[in-house]
Amino acid sequence: MLNIGLLLKKYSVPTLFLILGLALLITGFSSEQSLTFNAASFLILITALISFLNVSGKLSTLITRIIGLGSLIISIIILYLSFYSVSDTMNDQKNYELCKELSRLNLSDLRTAQKAYFERYNSYAQDWGTIINFIKSDSANSVVSEGSVPSRKITESERNFIYRDNRPIDENMTELEAYKLSISRICPDDLKDFKRDTVKVSFIKTNFTENKSYLKERLDNNLGEFNADDLKYIPFTNKKNQWNIKTNKVLMGLDSIYTLRVEGEIPFTKVKGQKTKEIIYFGKLEINDLSGSWEEE
């Protein structure tokens, strides 16, 4: 019993290190851990074997100390590499999230521009030069609204002027009635400041560069200033990769509809542990649907 107890006490620590080293190695290779993780696991296993040799008297104390010092130096190097590996991973994760958010916003901006382009030209822009030129130099319709509709019924003279008949006056004045009276020669005093008009305004100023809520969104999310020329580039690719614009014309019965899809592969896919590419897009080529992939998550 004394000998068994002594043996257990003598070999317990090396045994624990051996089990730990083997478990970590198996985990490392089966779950594709980093090189530093596997190196640390192997070092623990070596330490366990050295401990076995030392306590069994097959390895001198001097050699054990030399090997131990070498193991300490290697451990410090591994810890250094592990620290920077974790730091790089955290930085990549941060960049991945920023890249995805900027991609979402840029594609949303492009979708806004393509919708406005379609309203004006009844088709989608098929290339970046066309849509960027539209964003930077074209205009869009904006409704100027001043004053409010009076909370009263129109008078008989106002009814006669607008409708030229004697229909009953049962309801309060409508928006259209107020507009017709405001531009007429008989404009009443309570409609002197009433104005409803459609004017052409700068598309880029209205939607982006002078849109306070839009500018606040970019500022709050640290997304930088709006630049129309940068919309075509996938973020974090050093302006080497562009979003791919695809258009189509689908026959629906006797009518044809125009469809659009814009897509691209974003970097940092490995951050999420994915082996497949991560594609972000909006639109479909088969049907007229401009929903974005980020809206389906």
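Quick notes on this structure:
- Karplus 3J(HN,Hα) series, Hz, for segment 94-103 with 6.51 cos²θ - 1.76 cosθ + 1.60 (x for Gly, Pro): 5, 5, 4, 5, 5, 4, 5, 5, 5, 5
- FRET E, pair Ser139, Ile279, Förster distance 51 Å, beta-carbon r, rounded to 0.05: 0.95
- Summarising the amide proton neighbourhood of Tyr281: residues at separation of 5 or more, or on other chains, whose placed amide H is nearer than 5 Å comprise Ser293, Trp294.
- Computed P(r) (all Cα pairs; segment 148-193; 5 Å bins; percent): 5, 23, 39, 25, 8, 1
- Listed residue pairs exceeding 24 Å between alpha carbons, taken from Lys212/Lys277; Lys115/Lys232; Lys153/Lys195: Lys212/Lys277
- With one equal scatterer per alpha carbon and no solvent term, the Debye-computed log10 I(q)/I(0) for segment 157-297 at 0.19 1/Å reads -1.20.
- Amide H contacts under 5 Å for Gln242, placed H, 5+ residues apart: Ile234
- Take the Cα radius of gyration of segment 181-225 and divide it by 2.2 N^0.38 Å, N being the number of residues; the result is 1.97.
The numbers here are math on the coordinates, done by the rules we state, and not lab data. If you're wondering where the values come from, they're calculated on a predicted model, not measured in any experiment. No Cβ is skipped: glycine too gets one built from the backbone with ideal geometry, and neighbour counts run over all protein chains shown.
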